[in-house]
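*Asks:* Quick one: the structure is below, questions incoming.
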Amino acid sequence: MEKVIVICGPTASGKTALSIELAKQINGEIISADSMQIYKDMNIGTAKPTQEEMQGIKHYLLDFISPDKRYSVAEYKKDAKKAIKEIISKGKTPIIVGGTGLYVDSLIYEIEYQDIKLDEEYRNELEKIANKDGLEKLYEMAEKIDREAMTKISKKDKKRIMRVLEIYKATGKTKTQQEAESRKKPVEYDYKVFAINWERGKLYERINLRVDIMIEQGLIQEVNDILQKYDKFPTAMQGLGYKEVVDYLNGKYTKQEMIDKIKMETRRYAKRQLTWFRKNKQTVWLDGSKDRQNNINIILEGIN
RNA sequence: GGCUCGAUAGCUCAGUUGGUAGAGCAGGGGACUGAAAAUCCCCGUGUCAGUGGUUCGAUUCCACUUCGAGCCA
């Protein structure tokens, strides 16, 4: 079974630099697992690696979706599998790098997604019901379809409640059935998962610094530009930094308030990422504050 | 120098008619299968500034000390 290296970890932990150096040493190519770096014209705020940083290492699934388009894990899974195959066919080693746990899991657990597309009309319809009769109404509807799934979903978790209904509408299956079927296929590659972490205070310092640098590099202008260029953002505006700058431009915050808010939200995001990555017990943890080559050596040992 | 007000959780503050205390924010932990940088759940012990006094018992009342804010000299 071919090996695929996975490098995850919270934002600002140093995944990019480590993975590029690793790729150079093992003749690897990189597949991003980042739900925001997929978007074009969103560079500063997503900390997308520049051509210079890439040092000639080929990167996949970066900078290829228009911010006014939708994208989802299902598509990611398909695109990433294709990229893995391509890299292996060239005799190189694929390195998955990114902080979107959902995307990473779709690969390492070989989760199968049926070929369906989002029914926007139905979603709007559900949205209307929620507004009119309250979320409880949707929760009740979902309970009638899949009581088991609902025991694990909060009565306030609108997205997941709606998803139960959407899955049923699109496939005629319950979420519970759907999930059972999604895990039937054996995992196709030997995924070796590594995660970078730092002492919490250090990580937060790095995040704060990174946000200051983004502002200096022109994040506000970048947001202005994409607001000019595109007229809708189904998911891209969920990106950290982007929504806060929009609020600032609309006068909701002062500049300093906006900066502090981005820092805070990014710290919280990092915490959520760590919660996610800690779940996988196979993961080998690297200390980001240690020498980079030392960490690369740990990876090299870990994959053999 | 005098007077007044304050000093309680990392921060902003509430409160205890004397029986060792609680909100918001921050922070921590967790969940996560087609929006995931999203969405959602759970978590509050801190010499109640210090020292003495009164009291069965003081964070609460009293005195002094320290620090801060304001006013008067």
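*Asks:* What is the Cα coordinate range of chain A on the first, second and third principal axes, sorted by size from largest, in whole angstrom?
*Replies:* 57, 52, 35
*Asks:* Which whole-angstrom value gives the distance between the alpha carbon centres of the stretch A:121-152 and the stretch A:63-112?
*Replies:* Cα centroid of the stretch A:121-152 versus Cα centroid of the stretch A:63-112: 31 Å apart.
*Asks:* Do you know the relative contact order of chain A, to the nearest whole percent, from alpha carbon pairs under 8 angstrom that are 6+ apart?
*Replies:* Numbers: 396 pairs, mean separation 87.4, N = 304.
Across chain A, relative contact order equals 29 percent.
*Asks:* Further question on the same structure: Multiply the residue gap between residue A:52 and residue A:157 by 0.36 nm, knock off their C-alpha separation, and tell me the result in nm, one decimal place.
*Replies:* The span from residue A:52 to residue A:157 would gain 33.6 nm if fully extended.
*Asks:* Keeping all protein chains in position, work out how much accessible area residue A:287 exposes to a 1.4 Å probe, and write it in Å² to the nearest 10.
*Replies:* Spelled out: residue A:287, probe radius 1.4 Å, area about 60 Å².
*Asks:* Another question, if that's okay. Translational diffusion coefficient of the stretch A:1-149 at 20 °C, 1.002 mPa s, Stokes-Einstein with Kirkwood Rh over Cα pairs, in µm²/s as a whole number.
*Replies:* Answer from the Stokes-Einstein relation: 123 µm²/s.
*Asks:* Protein chains only, probe 1.4 Å: how do A:127, A:110 rank by accessible area, largest first?
*Replies:* Working: A:127 60, A:110 5 Å².
Heavy-atom accessible area, descending, gives A:127, A:110.
*Asks:* Shifting gears a bit: R0 = 35 Å: FRET efficiency of residue A:117 with residue A:264, Cβ-based, nearest 0.05? Each step should come with its number before you reach the end.
*Replies:* Values: r = 36 Å, r/R0 = 1.02.
It comes out at approximately 0.45.
*Asks:* Which three extents, in angstrom, do the Cα atoms of the stretch A:204-304 have along their principal axes, listed largest first?
*Replies:* Taking max minus min along each principal axis of the Cα atoms, the stretch A:204-304 gives 52, 28, 23 Å.
*Asks:* Which whole-percent values make up P(r) of the stretch A:159-212 when all C-alpha to C-alpha distances are grouped in 10 Å steps starting at zero?
*Replies:* Spelled out bin by bin, the stretch A:159-212 gives 18, 22, 17, 29, 14 percent.
*Asks:* If you add up the charges near residue A:146, with Lys and Arg at +1 and Asp and Glu at -1, over every other residue whose beta carbon is less than 13 angstrom from its beta carbon, what do you get? The partial results should precede the final answer.
*Replies:* Details: positive: A:144, A:147, A:152, A:160, A:163, A:169, A:173, A:175; negative: A:140, A:143, A:148, A:166, A:179.
Within the 13 Å Cβ shell, the charges total +3.
*Asks:* Right, another one. Cut-off 10 angstrom, C-alpha nodes, Gaussian network model of chain A. Which of A:16, A:235, A:46 fluctuates the most?
*Replies:* Per the Cα network of chain A with a 10 Å cutoff, A:235 tops the list.
*Asks:* Using only Cα atoms, figure out Rg for the stretch A:128-233 and give it as a multiple of 2.2 N^0.38 Å. Please list the in-between numbers first.
*Replies:* On the way: Rg = 21.4 Å, N = 106, 2.2 N^0.38 = 12.9 Å.
Compactness ratio reported: 1.66.
*Asks:* I'd like the distance between the alpha-carbon centres of the stretch A:213-235 and the stretch A:259-304, rounded to an integer number of Å.
*Replies:* 28 Å
*Asks:* Specify the residue with the greatest mean-square fluctuation among A:41, A:212, A:133, computed from a Gaussian network of chain A linking alpha-carbon atoms under 10 Å apart.
*Replies:* Taking springs between Cα atoms under 10 Å, the residue moving most is A:133.
The values are calculated or read from the model by the stated rules, or taken from the named source; none is laboratory data. Since we're looking at a predicted model, the values are computed, not measured. Virtual Cβ from ideal backbone geometry, glycine too; neighbours counted across all protein chains shown. For accessibility, only protein heavy atoms count, side chains too; no ligands or nucleic acids. Shrake-Rupley method; radii C 1.70, N 1.55, O 1.52, S 1.80 Å.
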